[in-house]
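Undergrad: Once you've had a glance at the structure underneath, I'll fire off some questions.
The values are calculated or read from the model by the stated rules, or taken from the named source; none is laboratory data. Only a predicted model underlies this, so the values are computations on that prediction, with no experimental measurement involved. Positions of Cβ are backbone-derived with ideal geometry, glycine not excepted, and every protein chain shown enters the neighbour counts.
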Amino acid sequence: MTLTHCLLLASFLFCVGVYGLLTRRQAVAVLLSLELMMNAANLAFASFAHFKGGPGQVFVIFALAITVAEVAIGLALVMLLYRRYDDTALDRASEAKG
Amino acid sequence: MSTLQSWAALAVLAPLAAALLCVVLPPLRKAGKPAAALCLLSSLVSAGSALYLLTQHETGSVSRTTIPWIVFGGKAIASIGVHVDATSVVMLVVVTMVALCVQIFSTAYMHDEKPSSYGRYFTLHALFLFSMNTLVVAPNLMQLFAGWELVGLTSYLLIGFWFQKPSAAKASVKAFWMTKLADMGFVFALLVLFVATRGFEWSARLSTETATLVTALLFLAVVGKSAQFPLHVWLPDAMEGPTPVSALLHAATMVAAGVFLIVRADPLFAQAPATRDVMLWIGSGTALFAACLALVQTDIKKVLAYSTCSQLGYMVAALGAGSAFAGFFHLGTHAFFKALLFLGAGSVIHAVHSNELADMGGLRKKMPWTALTFGLGALSLAGVPGLAGFFSKDHVLSELEGRAGWIPWALLMLTSFLTAFYMGRVLIKAFGGAPSAKAHHAHESGGAMLLPLFVLAVPAVGAGFFGGKLAEWSGAEYHLHLGLTPIVASCLALGGIFAALAVFGRGKTAPFTSVLEGLDRASAVDRTWAGLYRHVLLGVSAVMGFIDRYVVDGLMNAIGYSTIESGASVRRLQTGRIHDYAMAVVVGALLIVLWGVLR
């Protein structure tokens with residue numbers, strides 16, 4: 001297993017995340033896709049740290065902590081979305097239409 | 001500040017205090033009588049201090065106190081203060097005495113007004129007296145200009161005092177814009193003077209060209225203020241104001257401010273012989289022209305208004321001949337007898353409720369005291385030997401002897417005959433003959449109106465004997481002599497009166513009436529100005545209005561409109577759908593990556 005394999009896996013995960021972000025309509029699914037993209041980036045950090053050295057793993061720890069906060073806010077938004085529209089489909093929240 | 005200057009400052013500030021009190025305390029002004037009492041008190045203080053200054057004056061004493069007014073770069077370029085010398089002291093006495101008499105007269109004349117407009121009337125009078133005194137004691141041309149504009153404002157407000165009358169409102173606007181047009185000359189004169197000398201002193205030394213320019217511009221302002229040809233047309237219309245206002249502003253003091261300005265700025269005018277020549281011709285021409293028009297007026301106030309134009313012409317001509325003293329002397333005597341005549345006319349108008357000479361007649365029996373004092377004023381104006389008008393007019397004519405080929409002298413001599421003739425006509429029409437229908441019920445005016453007439457009759461008769469003293473103070477030559485001018489002038493004055501008796505005594509109309517009325521119409525001065533106003537001024541205003549509406553406002557509107565339109569056209573980009581925004585983020589990120597790779 002080389003650095004290339006790891007980076008290929010990370011980019012595959014990232015693309016899956018982007019695909020999910022753009023296609024899913026449910027807010028929870030979109031949040032999951034975001035998590036996937038985040039973790040793809042973490043994987044890339046960790047891989048570089050493992051094969052090339054450097055402080056990449058520290059960034060992973062920090063990124064995880066931030067992700068937790070992000071998920072907390074994201075889920076709170078989902079709750080509010082549900083209260084307002086009785087649904088978690090993002091299409092409903094289109095009041096910013098110009 | 002010495003004692004004398006304090007008294008002069010008191011004469012200026014007392015009316016200001018009264019006017020301010022009446023302005024900031026509306027209940028006081030609207031009560032009418034208390035406001036009038038306050039303003040009369042302030043005028044009394046003003047007149048008292050002016051008289052005290054006169055008694056204290058010594059030959060050749062000149063003093064001034066100034067405080068910086070317009071400070072620029074740490075240096076005062078104009079100051080404000082009082083200047084006490086023979087000219088300002090004598091003028092101060094003339095102005096405050098006439099103002100006091102006119103205000104006392106007004107208490108009775110304006111009796112029928114509502115309390116609020118009664119108070120407004122006296123407030124404006126106090127404001128006028130302050131403005132005029134500011135002008136008179138001015139230590140430099142800048143303060144003189146401030147007073148000049150203030151008297152113009154009060155003149156506008158007082159002509160339009162009965163603003164509900166359309167003719168009065170029109171007359172006030174006409175007076176305002178005619179004089180403002182001329183006042184542009186004053187503004188430019190101040191500018192040129194400042195550029196040349198860095199100051200506003202009338203004693204400045206200038207090159208001949210600059211002096212000619214400055215004095216010509218100043219003279220333009222004088223032509224407007226003192227109603228000289230061709231800007232005289234506002235003065236007859238200004239008679240729409242209350243009669244005491246005509247007596248004070250438009251006969252005795254405000255219109256004489258123009259002449260006062262030339263007397264003040266005499267050192268400047270002395271450096272500009274060309275301007276003086278123009279003044280000589282305009283003054284003598286106006287004197288004759290206005291006297292001709294006075295001959296055919298049917299309204300007693302209009303006769304006196306044209307007569308004022310004519311007499312101001314004498315003063316301007318005297319100043320044009322280089323004799324500031326002669327002009328100033330005539331200014332002083334004229335102020336007294338013309339105020340007397342106007343107040344007498346006011347007394348008559350009050351009794352018969354009409355301005356028309358045809359509605360009067362036979363009033364000598366009904367109103368003997370008015371007839372006596374008016375008659376004295378008329379004889380003084382006509383220049384009957386021994387009365388005040390004779391001395392000053394005689395001195396003006398003596399100064400003109402032999403100048404410019406005797407023509408201005410001859411014009412003024414002819415005017416002198418006409419003056420006696422038209423005053424004789426007024427006397428006979430108003431006081432002689434049989435009473436008209438309206439005059440039957442006339443009765444003598446009350447004490448408050450007669451007292452000022454008696455007071456003014458004293459200087460109107462005797463002010464001429466003050467000439468020697470005034471000449472001594474002004475440092476001018478003045479002595480009575482039995483030469484060509486006094487003899488011819490006396491004969492013409494008496495001749496004019498007898499001619500009037502011969503012509504009008506039998507109830508005839510003036511000779512050449514149709515010719516003179518034709519002159520009035522054909523002169524077309526009034527119509528020229530009206531045409532200029534209608535076509536040029538309103539035309540320029542229309543162009544300005546178009547530019548303002550479609551260029552200045554148009555630019556603003558275009559900016560606003562284009563903002564709204566561009567906003568509307570890009571609003572479609574905002575779909576409100578979260579996936580579209582996410583897509584934009586992704587595409588943007590990809591583009592950045594692509595840019596990084598391709599670079």
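Undergrad: Kindly indicate whether A:Ile61 is away from every other protein chain (no Cβ under 14 Å), closer than 23 Å to B:Ala584 by Cβ and out of contact with any His (no Cβ under 7 Å at 6 or more places or on another chain).
TA: Numbers: away from every other protein chain (no Cβ under 14 Å): yes; closer than 23 Å to B:Ala584 by Cβ: no; out of contact with any His (no Cβ under 7 Å at 6 or more places or on another chain): yes.
No.
Undergrad: Scan segment B:237-245 and tell me whether some residue there is within 30 Å of B:Asn355 (Cα to Cα), small (Gly, Ala, Ser) and modelled with pLDDT of 90 or more. Let's see the steps before the verdict.
TA: Step one: of segment B:237-245, the residues within 30 Å of B:Asn355 (Cα to Cα) are B:237-245.
If we keep only those that are small (Gly, Ala, Ser) as well, we get B:238, B:241.
Okay, now just the ones that are also modelled with pLDDT of 90 or more, so none.
Scanning segment B:237-245 turns up no residue that is within 30 Å of B:Asn355 (Cα to Cα), small (Gly, Ala, Ser) and modelled with pLDDT of 90 or more.
Undergrad: Still on this model: Exactly one of (1) of a type in the set (A, V, I, L, M); (2) at pLDDT 85 or above; (3) within 16 Å of B:Pro486 (Cα to Cα) is unmet by B:Ala378. Its number?
TA: Unmet condition: (3).
Undergrad: Then there's this: For segment B:541-578, name all the residues that are out of contact with any Ser or Thr (no Cβ under 8 Å at 6 or more places or on another chain), of a type outside the set (A, V, I, L, M, F, W, C) and within 14 Å of another protein chain (Cβ to nearest Cβ).
TA: Matches in segment B:541-578: B:Ser566, B:Gly567, B:Ser569, B:Arg571, B:Arg572, B:Gln574.
Undergrad: A:Asp86: within 14 Å of chain B (Cβ to nearest Cβ), over 16 Å from the mean Cα position of the chain (by Cα) and either farther than 30 Å from B:Thr575 by Cα or not aromatic (Phe, Trp, Tyr) (or both), yes or no? Lay out the reasoning, then the answer.
TA: On the way: within 14 Å of chain B (Cβ to nearest Cβ): no; over 16 Å from the mean Cα position of the chain (by Cα): yes; either farther than 30 Å from B:Thr575 by Cα or not aromatic (Phe, Trp, Tyr) (or both): yes.
Against the criterion (within 14 Å of chain B (Cβ to nearest Cβ), over 16 Å from the mean Cα position of the chain (by Cα) and either farther than 30 Å from B:Thr575 by Cα or not aromatic (Phe, Trp, Tyr) (or both)), A:Asp86 does not qualify.
Undergrad: Let me ask something else. Report, by residue number, each residue of segment B:356-390 that is touching a Pro at 6+ places or on another chain (Cβ under 9 Å) and not in a loop (DSSP other than H, G, I, E, B).
TA: Quick first cut of segment B:356-390, residues touching a Pro at 6+ places or on another chain (Cβ under 9 Å) only: B:360-363, B:365-366, B:385, B:388, B:390.
Listed by number, the residues that qualify are B:Leu363, B:Lys365, B:Lys366, B:Ala388, B:Phe390.
Undergrad: Every residue in segment A:38-88 that is exposed (fewer than 15 other Cβ atoms within 10 Å of the Cβ), more than 30 Å from A:Leu3 (Cα to Cα) and touching a residue at least 24 places away in the same chain (Cβ under 8 Å), please.
TA: Those that are exposed (fewer than 15 other Cβ atoms within 10 Å of the Cβ), more than 30 Å from A:Leu3 (Cα to Cα) and touching a residue at least 24 places away in the same chain (Cβ under 8 Å): A:Leu75, A:Leu77.
Undergrad: Sticking with this one: Looking at segment B:482-505, I want the residues that are assigned to a loop (DSSP other than H, G, I, E, B) and have a partner that is of a type outside the set (A, V, I, L, M) with Cβ atoms under 9 Å, at least 6 apart or on another chain. Which pairs are those?
TA: B:Gly483/B:Ser398; B:Gly483/B:Glu401; B:Gly505/B:Gly432; B:Gly505/B:Gly433
Undergrad: So which residues in segment B:503-529 are at pLDDT 65 or above and in contact with a Lys or Arg (Cβ under 9 Å, 6 or more places away or on another chain), if there are any at all?
TA: B:Val503, B:Phe504, B:Arg527, B:Trp529
Undergrad: Taking segment A:15-37 as the search range and keeping residues that are over 8 Å from the mean Cα position of the chain (by Cα) and away from every other protein chain (no Cβ under 11 Å), which one is surrounded by the fewest Cβ atoms within 10 Å (Cβ to Cβ)?
TA: Kept after step one, since they are over 8 Å from the mean Cα position of the chain (by Cα), are these residues of segment A:15-37: A:15-16, A:18-30.
Remaining after also requiring away from every other protein chain (no Cβ under 11 Å): A:16, A:26, A:28-29.
On the way: A:Val16: 14, A:Gln26: 14, A:Val28: 12, A:Ala29: 15.
Among them, the one singled out is A:Val28.
Undergrad: Sticking with this one: Residues of segment B:554-587 being modelled with pLDDT under 90, surrounded by fewer than 12 Cβ atoms within 10 Å (Cβ to Cβ) and of a type in the set (D, E, K, R), which ones?
TA: B:Arg571, B:Arg572, listed by residue number.
Undergrad: Continuing with this model, one more query. Provide a single number: the residues in segment B:197-239 that are more than 15 Å from the chain's Cα centre (by Cα), surrounded by 24 or more Cβ atoms within 10 Å (Cβ to Cβ) and in contact (Cβ under 8 Å) with a residue 60 or more places away in the chain.
TA: So the count comes out to 2.
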